[in-house]
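The values are calculated or read from the model by the stated rules, or taken from the named source; none is laboratory data. In this text the structure is predicted, and so the values were computed from the model without any measurement. Positions of Cβ are generated from backbone atoms using ideal geometry, with glycine treated the same way; all protein chains shown enter the neighbour counts.
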Amino acid sequence: MALKRLLSYVWKLPLCALAFLIGMIAGGIILPLLGLQAPAMPAGTDANTIMLYFLLGSLILAVALSFLSQGLDDGWAIRALVLGLFSWAWNSVGMVLEAGVFMTTGAASSGGAMLFTMLNMLLPSLTLAGMVALLFRPDPAQASQAPGLRGLLTMRPGRESVWRFAAAIVAFPAIYIACGLLVRPFIEGYYASGAYELASPTWGQIIPLQLARSVLFLLASLPIVAAWRDPSRSLALPLGLAIWVLVAFTAVITAYWFPWQMRLFHGLELAVDSFGYAAVLVLLLGRPRTALAASRAD
């Protein structure tokens with residue numbers, strides 16, 4: 001059975017990449033009609049090569065999302081919407097907001113450029129998630145331990161939820177800054193010199209930005225935590241993998257014009273960020289055993 005499931009990825013993943021491509025093409029047609037113009041591409045790149053890297057990245061992203069899709073206790077439409085918005089928040093909105101202080105041109109050159117870049121990934125995120133949700137379904141033979149998306153209403157009742165959500169909001173910036181300081185000696189020169197259209201923001205820019213991104217990421221991740229079928233602790237690994245691929249999609253996987261040293265250290269930094277944050281999120285907001293027992297009784 002495991003081999004059969006593994007082989008199914010051979011034909012399912014190209015369909016996911018096709019869905020992503022259709023979303024990219026549709027977005028590229030619709031956004032100019034709305035008066036939005038694409039920002040200039042990074043120096044030394046071309047559209048065809050970037051598209052090839054995006055398609056490669058969509059295959060990797062489909063694998064990561066497939067594990068989440070098979071563990072969510074809801075129907076196709078809800079799983080597609082949850083995964084699509086989760087992907088868009090982490091991969092596009094959050095990364096563009098960060099580019100606003102770490103880059104000087106391209107996606108961060110103006111408010112219009114940032115809006116275009118965000119919206120440009122909305123349709124691809126939804127079409128890819130829709131195909132993933134269609135092809136990678138939860139096993140109906142397994143007994144569900146989650147109430148589905150309605151579990152958002154009863155995740156952590158009472159005053160206990162206040163400090164848990166507050167801790168979850170603070171956790172992301174804390175992990176982000178700690179990991180960033182560890183790799184800073186290896187990549188700081190690129191930002192300080194302004195190479196590759198990069199910039200060095202101040203702490204006064206970084207901290208408020210990461211708190212805002214933390215709220216965004218928390219809202220995007222909560223539906224997955226609520227609808228996870230199995231014990232919450234089993235979510236940490238697939239959630240961390242999905243987050244890592246999503247944030248590395250722009251910073252590492254498709255950013256082929258950056259030097260390999262920069263992509264390597266950023267990739268390692270993002271891995272620790274992603275898996276660490278996922279573990280903290282599950283620990284703080286995952287359903288306790290009593291909630292699991294109650295959901296089975298329902």
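In the stretch 39-59, the residues that are farther than 15 Å from Phe249 by Cα reach residues that are at pLDDT 90 or above and hydrophobic (A, V, I, L, M, F, W, C) with C-beta atoms within less than 8 angstrom, at least six apart or across chains, in these pairs: Pro39/Phe116. Pairing residues of the stretch 191-218 that are at positive phi with residues that are part of a helix (DSSP H, G or I), at Cβ distances under 7 Å and at least 6 apart in sequence or on separate chains, gives Tyr196/Tyr190; Glu197/Gly106.
Here Asp230 clears all of (1) assigned to a helix (DSSP H, G or I); (2) in contact (Cβ under 8 Å) with a residue 24 or more places away in the chain except the condition numbered (1). As for the stretch 79-92, it holds at least one residue that is in contact (Cβ under 8 Å) with a residue 12 or more places away in the chain, in a helix (DSSP H, G or I), over 30 Å from Pro231 (Cβ atoms) and not basic (Lys, Arg).
Ala89 meets all of the listed conditions (1) hydrophobic (A, V, I, L, M, F, W, C); (2) within 13 Å of Leu128 (Cα to Cα); (3) crowded, with 17+ Cβ neighbours inside 10 Å but one, namely (2). Exactly one residue out of Tyr256, Tyr176 is within 20 Å of the chain's Cα centre (by Cα) and not in a helix (DSSP H, G or I), and it is Tyr256. Confirm whether Leu216 is in contact with a Ser or Thr (Cβ under 8 Å, 6 or more places away or on another chain) and farther than 24 Å from Pro185 by Cα. Against the criterion (in contact with a Ser or Thr (Cβ under 8 Å, 6 or more places away or on another chain) and farther than 24 Å from Pro185 by Cα), Leu216 does not qualify.
Residue count for the stretch 60-78 under the criterion of being part of a helix (DSSP H, G or I) and buried (at least 19 other Cβ atoms within 10 Å of the Cβ): the result is 7.
Residue-by-condition table, conditions (1) out of contact with any Lys or Arg (no Cβ under 6 Å at 6 or more places or on another chain); (2) surrounded by 19 or more Cβ atoms within 10 Å (Cβ to Cβ); (3) of a type in the set (A, V, I, L, M); (4) within 25 Å of Met51 (Cβ to Cβ):
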| residue | (1), (2), (3), (4) |
| --- | --- |
| Leu209 | yes, yes, yes, no |
| Arg213 | yes, yes, no, no |
| Ser234 | yes, no, no, no |
| Leu237 | yes, no, yes, no |
| Ala248 | yes, yes, yes, yes |
| Leu268 | yes, no, yes, no |
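Checked against the criterion of being modelled with pLDDT of 95 or more and not basic (Lys, Arg), the candidates Ala38, Ala43, Ala26 yield just one match: Ala26. Annotation: of all residues in the stretch 40-59 being part of a loop (DSSP other than H, G, I, E, B) and among the small types (Gly, Ala, Ser), the one that is farthest from Tyr256 (Cα to Cα) is Ala40. Criterion applied to Phe186, Phe217 was being part of a helix (DSSP H, G or I), closer than 24 Å to Ser69 by Cα and not hydroxyl-bearing (Ser, Thr, Tyr), and the one residue passing it is Phe217.
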